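Starting off with a structure, shown below.
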Amino acid sequence: MSDLNTLEQRALAELTAVADEDALRAWNTRYLGDKGELKQAINNIKNVPADQRRTYGQEVNRVKEALTAAHDSAVAREKEKALERSLATDRLDVTLPGRAVSRGRLHVATQVLREIYAVFADLGFQIYTSREVEDDLHNFEYLNMPPHHPARDMWDTFHTTTRGVLLRTHTSPGQIHVMRQFKPKPIRVILPGMCYRYEAITTRSEIMFHQVEGLAVGKHIRMSDLKGTIVAFARRMFGEQRQVRIRSSYFPFTEPSIEVDMDCIVCSGKGCSLCKRTGWLEIMGAGMVHPAVLKHGGYDPDTFGGFAFGMGPQRITMLKYAIDDIRQFWGNDLRFLQQF
Ligand code: DAH
C-alpha cells in the first residue's frame, strides 16, 4: 500500500516538472503505458495476501484514476501552451496581397478569326460553317476537278479508308453546300474552318490550319466587287494606308483567278526580311466563280455571277505579329499563347 502511495506522489511530482509534449508522452508511457509502473502495480495484486487484495485493488484503481486525470489536464495545458506559442510566432498577416488567379484567354487563332468575322460582318457577310470530313465530290469534282484532273495535285490529301471520303483540304467545298442551300437567292457568306493537308510539317506549313473562304453570288456581281471587298478587308485588318496588288493566277474553281498581295506591313513596300525584299505579302487566292461551279451549286451561270476568295488566318496572324514558325499555333506552349 505504501509503495502505491510513493508511486502516486512521485508520478504527480514528475508531472508538474514536465515542460513539453514530448516529455508528457514519455511520462505517460512510463506510468500509464502497457508496460508502465501502474500496470506492474496491478499485476502485483497476485502477490498481495488474500485478505488485503480487495483494499489493494481499490487503491490501485484510485491511483490510476488520479494519474489519468492529472495526465488529461496536463495534456490540455500543453495544448494551450502550443496554441499560444504558434499565435505568437506564426503570425498571420492579413494585409499581405492575395495570390493572383491567372485569367484565361482566347487562343490567338480564335482572336484573329473573330477580327476577320467582325470585318466581314460590317460588309454584310454571314458566317456559314460546313463539314471537315468531306467527300471527293465536294472537295474536288463539284469544284471543277473531275477524277484525274491534274489540278488535284495542288492539294495533298488525307484520304480515309472509306473510298471517296477525305478530310477537306480547303474550305472551298463549303461553297457548294451554301449554294445548294440558298439557291436561287443571292449569297454573301464567309466560311471559316479547319483544313487538313498531307504534307511535311515545317516552319511554314502545318497539316492542319484554318481557312476563311468568302463567297458572293448574285445577278450583278463583278470583278470590281471582289476588288473592293479585298481592299476594304486589308485596310480594316492592317491599317487604312494599305495598298493591294492583284496578280493573275490559276484555280480550277474560278475564272479568272487571282492572287492578292498587300504592301508589307513592316516596310510599307520598301523591302525587308519579312517580305523577302519584294515589298509585298501574299494574303489570299480569289477569283470569279467558275460557271461550272455555279451550275453544280444550282445557279444558272447565264443569269448569276459570283466571286470567291480563300485565305489562311494563321498566315495572316504570322504577318501581323511577326511569328516565324507556324508550328507555334498548335504547340500549346503557354509562353507563346500568353503573349496574345
Ligand atoms: N481553296 C484555295 C486553296 O486552298 C484557296 C482559294 C483560292 C479559295 C481561290 C477561293 C478562291 O475561294 O476563289 O488554295
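Go through (1) away from the ligand (no atom under 16 Å from the Cβ); (2) farther than 18 Å from residue 123 by Cβ one by one and return the number of the condition residue 242 breaks.
(2)
Which residue out of 285, 279 is within 16 Å of the ligand (Cβ to nearest atom) and either open to solvent by 50 Å² or more (accessible area, probe 1.4 Å) or not hydroxyl-bearing (Ser, Thr, Tyr) (or both)?
The conditions single out 285.
Six or more apart or on different chains, Cβ under 9 Å: which pairs go from a residue in segment 155-184 that's in contact (Cβ under 8 Å) with a residue 60 or more places away in the chain to one that's open to solvent by 60 Å² or more (accessible area, probe 1.4 Å) and not in a helix (DSSP H, G or I)? Could you list them?
Short answer, once both residue conditions are applied: 184/300; 184/303.
Filter segment 115-174 down to the residues that are in contact with a helix residue (DSSP H, G or I) (Cβ under 6 Å, 6 or more places away or on another chain) and on the phi > 0 side of the Ramachandran plot, then identify the one that is farthest from the ligand (Cβ to nearest atom).
In this case the residue turns out to be 164.
Hey, any hits in segment 41-53 for a residue that's under 30 Å from residue 82 (Cβ atoms), in contact (Cβ under 8 Å) with a residue 24 or more places away in the chain and assigned by TED's automatic domain parsing to the domain that holds residue 85?
Taking every residue of segment 41-53 in turn, none turns out to be under 30 Å from residue 82 (Cβ atoms), in contact (Cβ under 8 Å) with a residue 24 or more places away in the chain and assigned by TED's automatic domain parsing to the domain that holds residue 85.
Separate question: List the residue pairs whose Cβ atoms are under 6 Å apart, where the first residue sits in segment 191-204 and is under 24 Å from residue 129 (Cβ atoms) and at pLDDT 95 or above, the second is assigned to a strand (DSSP E or B) and open to solvent by 60 Å² or more (accessible area, probe 1.4 Å), and the two are 6 or more positions apart or on different chains.
194/208; 196/208
Additional query: Determine whether residue 43 is at pLDDT below 90 and of a type in the set (S, T, N, Q).
Judged against the criteria, residue 43 is a match.
Still on this structure: Considering (1) farther than 30 Å from residue 29 by Cα; (2) touching a residue at least 40 places away in the same chain (Cβ under 8 Å), say which one residue 71 fails and leave the rest.
(1)
Same structure again: Being away from the ligand (no atom under 16 Å from the Cβ) and either of a type in the set (A, V, I, L, M, F, W, C) or surrounded by fewer than 19 Cβ atoms within 10 Å (Cβ to Cβ) (or both): is that true of residue 273 here?
Against the criterion (away from the ligand (no atom under 16 Å from the Cβ) and either of a type in the set (A, V, I, L, M, F, W, C) or surrounded by fewer than 19 Cβ atoms within 10 Å (Cβ to Cβ) (or both)), residue 273 qualifies.
With respect to residue 327, determine if the residue is open to solvent by 70 Å² or more (accessible area, probe 1.4 Å), more than 12 Å from the ligand (Cβ to nearest atom), touching an Asp or Glu at 6+ places or on another chain (Cβ under 9 Å) and touching a residue at least 40 places away in the same chain (Cβ under 8 Å).
For residue 327, the condition - open to solvent by 70 Å² or more (accessible area, probe 1.4 Å), more than 12 Å from the ligand (Cβ to nearest atom), touching an Asp or Glu at 6+ places or on another chain (Cβ under 9 Å) and touching a residue at least 40 places away in the same chain (Cβ under 8 Å) - is met.
The values are calculated or read from the model by the stated rules, or taken from the named source; none is laboratory data. Given the structure is predicted, the values throughout are model-derived calculations rather than measurements. We place every Cβ from the backbone using ideal geometry, glycine too, and count neighbours over all the protein chains shown. Surface areas here come from the heavy atoms of the whole protein model, side chains and all, with no ligands, DNA or RNA. Shrake-Rupley method; radii C 1.70, N 1.55, O 1.52, S 1.80 Å.
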